[in-house]
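Quick notes on the structure that follows.
The values are calculated or read from the model by the stated rules, or taken from the named source; none is laboratory data. Everything quoted here is computed from the prediction, not taken from an experiment. We place every Cβ from the backbone using ideal geometry, glycine too, and count neighbours over all the protein chains shown.
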Amino acid sequence: MREIFGNPFRPVAFSSEWRTSTAVALAAQMYEAREFGAMPILADALQDAGCDSADILDHCRDASAPHVRGCWVVDLVLGKE
């Protein structure tokens, strides 16, 4: 459930400044292809854009997380709030 909704007890603020063309392109490609192997690269792109949210970056870099379509981070990047 946390893959889709995140942690309901720790809401994450998402800055629109982090929606760079690179981050959006990566998120859109993963969403459409339903292939989430580029999540660590998305974390790098978000960090390059100024994202300092440990919740977001750790989620993207968690190799043991079963990422799926509807992932709360991908949805935030795509503006599907």
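Filter the stretch 13-46 for residues that are among the charged types (D, E, K, R) and within 11 Å of the chain's Cα centre (by Cα) and give the result. First the steps, then the outcome.
Step one: filter the stretch 13-46 for residues among the charged types (D, E, K, R), giving 17, 19, 32, 34-35, 44.
Hits for the stretch 13-46 are Arg19, Asp44.
Can you tell me which residue among Gly50, Gly70 is on the phi > 0 side of the Ramachandran plot and modelled with pLDDT of 95 or more? First the steps, then the outcome.
Values: Gly70 fails: modelled with pLDDT of 95 or more.
None of the other options fit; the residue is Gly50.
Could you list, in sequence order, the residues of the stretch 1-42 that are among the charged types (D, E, K, R), modelled with pLDDT of 95 or more and either under 14 Å from Val73 (Cα atoms) or not in a helix (DSSP H, G or I) (or both)?
Arg19
Out of the residues in the stretch 43-80 that are part of a loop (DSSP other than H, G, I, E, B), of a type in the set (A, V, I, L, M) and free of Cβ contacts under 8 Å to residues at least 60 places away in the same chain, state the one that is surrounded by the fewest Cβ atoms within 10 Å (Cβ to Cβ).
Ala63
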